[in-house]
Amino acid sequence: MRVAYRLAFLLLLLGCVCLAQTNTSPRATVTPTFRPNDPLNAVAYEHFYNLEYPRAVENFQPIVQRHPDDPFAVNHLLTTVLMRELYRMGAMNSGEYANDSFIGNAHRPADPKAKEQIQKLVERAEALEDARLKTNPKDIDALYARGITRANYALCTALVERAWFSALRNAVGARHDHERVLELDPHYTDAKLVVGTHLYVLGSLPWSVKVAVAMVGLSGSKDKGIQYLQDVANSNGESSVDAKIVLALFLRREHRYQESLQIIRGLAVAYPRNLLFALEEGNLLRAQGHNSEAATVYRRVFDAGREGRYPSLHYELAALSLGDVLRSQKNYSGAAAAYLDGESVKDADPEYKQRAALAAGQMYDSLSNRPLAIKEYQAALAIDGKSPQADSARKCLQNPCPEH
């Protein structure tokens, strides 16, 4: 039961797992109205959706300085700082959220300075929102902004602090705020993002957990949730890009791969420097069993990374994904070469580099090339001797680990 409830909490928190909750696509067919109206917003959003978080922070900070009393400006900076930290921690791999395998996974530790900055921004945004709501409890913009702040804080407490109950409390608060917005103004489409996500998530829970959450006044419907997300995605409003991201994730969970693929391809065209969008195309093709097409995508992404398209992003993931595809096809020599490419990337993430070394060793064992296999296992151990991959490398050093 404990695992079931934790699953419920984490699934509920998927309502916050979008790459930004209050932003507008600068490529929308209708010119969006940025909140606040500041000339730097378009540039900041462009950097944000291309995962260029340091540049986005640099742009959002002066916006906050020029609009110190605007909770939307503070929320934009809060979202960017939070997403920058989650990416650094390795917590933004969409494959983990396509199923429930992420429940017990430990990410890299959060930076204390980043945690402090996030906390201060949350407190600043909430103070602005609460002051406006104290004056006018029906201030829909303040209600909407507070829901965004709570959603961000829920995501932080779940994935950074691993504090499940605190995260749940804030996630539910975000939903209630946005439900109130829709009560006051049914045409406030952006508010359907958090509400629609919660409807889908709660509609996906096991029956026993649904009963438990119903006791606290929450209900769900997968169909209604997806419809809400489609409404936001088609609105060209402030949350349209975010709705597309969440919608693609949920469609993948529903095995509606072609619909998800169409959304992701559109996002990848709009934001060509976003590594996660590029990789997700390959992931979706692979999920459909189109391994050859997926391999082509991963090769293209890796080559683009090597040519400099994804500076400071871990494009070695494309090489690992390519290796995994070739491995599943029993192309062990090709898989080994792909894993070695992943290892060779300058400033590669140590975790990914270790995974690549271990996998390369296993491929060499499958090719009966024990000397090269041992070399790769030793390389894996040298990166981090205390990780699960290191434990596997030790076992493979004792006995060959070929594919079965």
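The values are calculated or read from the model by the stated rules, or taken from the named source; none is laboratory data. Please read these numbers as outputs of a predicted model, since none were measured by experiment. All Cβ positions, even for glycine, are placed from backbone atoms using ideal geometry, and neighbour counts span all protein chains on display.
Take the residues in the range 256-289 that are outside any helix (DSSP H, G or I) and free of Cβ contacts under 8 Å to residues at least 12 places away in the same chain; name whichever of them is surrounded by the most Cβ atoms within 10 Å (Cβ to Cβ).
That would be 256.
Would you be able to say whether some residue in the range 193-203 is of a type in the set (A, V, I, L, M), within 25 Å of the chain's Cα centre (by Cα), at pLDDT 95 or above and assigned to a helix (DSSP H, G or I)?
no
Could you list all residues from the range 65-85 that are buried (at least 20 other Cβ atoms within 10 Å of the Cβ) and over 22 Å from the mean Cα position of the chain (by Cα)?
Correct list: 70, 71.
Does residue 39 qualify as being at pLDDT 90 or above, more than 22 Å from residue 110 (Cβ to Cβ), surrounded by fewer than 20 Cβ atoms within 10 Å (Cβ to Cβ) and not polar (S, T, N, Q)?
For residue 39, the condition - at pLDDT 90 or above, more than 22 Å from residue 110 (Cβ to Cβ), surrounded by fewer than 20 Cβ atoms within 10 Å (Cβ to Cβ) and not polar (S, T, N, Q) - is not met.
Taking only the range 206-234 into account, find how many residues are part of a loop (DSSP other than H, G, I, E, B), modelled with pLDDT of 75 or more and within 19 Å of residue 173 (Cβ to Cβ). Steps first, answer last, please.
Applying the first criterion (part of a loop (DSSP other than H, G, I, E, B)) to the range 206-234 yields 206, 215-221, 234.
Filter once more, keeping what is modelled with pLDDT of 75 or more: 206, 219-221, 234.
Filter once more, keeping what is within 19 Å of residue 173 (Cβ to Cβ): 219-220.
Count: 2.
If you scan the range 345-378, which residues turn out to be within 26 Å of residue 310 (Cα to Cα) and either modelled with pLDDT of 95 or more or not assigned by TED's automatic domain parsing to the domain that holds residue 331 (or both)?
Going through the range 345-378, the residues within 26 Å of residue 310 (Cα to Cα) turn out to be 345-360.
345, 353, 354, 355, 356, 357, 358, 359, 360 - these are the residues of the range 345-378 that are within 26 Å of residue 310 (Cα to Cα) and either modelled with pLDDT of 95 or more or not assigned by TED's automatic domain parsing to the domain that holds residue 331 (or both).
Considering each of 260, 292 in turn, give the residue that is of a type in the set (Gly, Ala, Ser), modelled with pLDDT of 95 or more and under 30 Å from residue 178 (Cα atoms).
That would be 260, the only listed residue that is of a type in the set (Gly, Ala, Ser), modelled with pLDDT of 95 or more and under 30 Å from residue 178 (Cα atoms).
Please name all residue pairs, on different chains or six or more residues apart, with Cβ atoms under 6 Å, provided the first residue is in the range 155-173 and is closer than 18 Å to residue 89 by Cα and the second residue is not in a helix (DSSP H, G or I).
Taking only residues 6 or more apart or on different chains, the pairs are 157/163; 159/91; 160/110.
Can you give me the number of residues within the range 125-140 that are acidic (Asp, Glu) and free of Cβ contacts under 8 Å to residues at least 12 places away in the same chain?
Selection size over the range 125-140: 1.
Consider only pairs whose beta carbons are under 7 Å apart and that are at least six residues apart or on different chains; among these, list those whose first residue lies in the range 379-391 and is outside any helix (DSSP H, G or I) and whose second residue is buried (at least 19 other Cβ atoms within 10 Å of the Cβ).
If the second residue must be buried (at least 19 other Cβ atoms within 10 Å of the Cβ), the pairs left are 384/354; 387/354.
Output the number of residues of the range 138-180 satisfying the condition of being more than 22 Å from the chain's Cα centre (by Cα) and more than 17 Å from residue 239 (Cα to Cα).
4
Hey, can you tell me all the residues within the range 244-255 that are part of a helix (DSSP H, G or I) and at positive phi?
Selection gives nothing.
Looking at residue 240, is it modelled with pLDDT under 95 and touching a Gly at 6+ places or on another chain (Cβ under 7 Å)?
No, not satisfied.
Residue check: is residue 52 over 14 Å from residue 313 (Cβ atoms) and touching a residue at least 40 places away in the same chain (Cβ under 8 Å)?
no
Residues checked against (1) outside the structural domain of residue 357 (by TED's automatic domain parsing); (2) polar (S, T, N, Q); (3) over 24 Å from residue 195 (Cβ atoms):
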{"residue": "236", "(1), (2), (3)": "yes, yes, no"}
{"residue": "245", "(1), (2), (3)": "yes, no, no"}
{"residue": "259", "(1), (2), (3)": "yes, no, no"}
{"residue": "277", "(1), (2), (3)": "no, no, yes"}
{"residue": "322", "(1), (2), (3)": "no, no, yes"}
{"residue": "327", "(1), (2), (3)": "no, no, yes"}
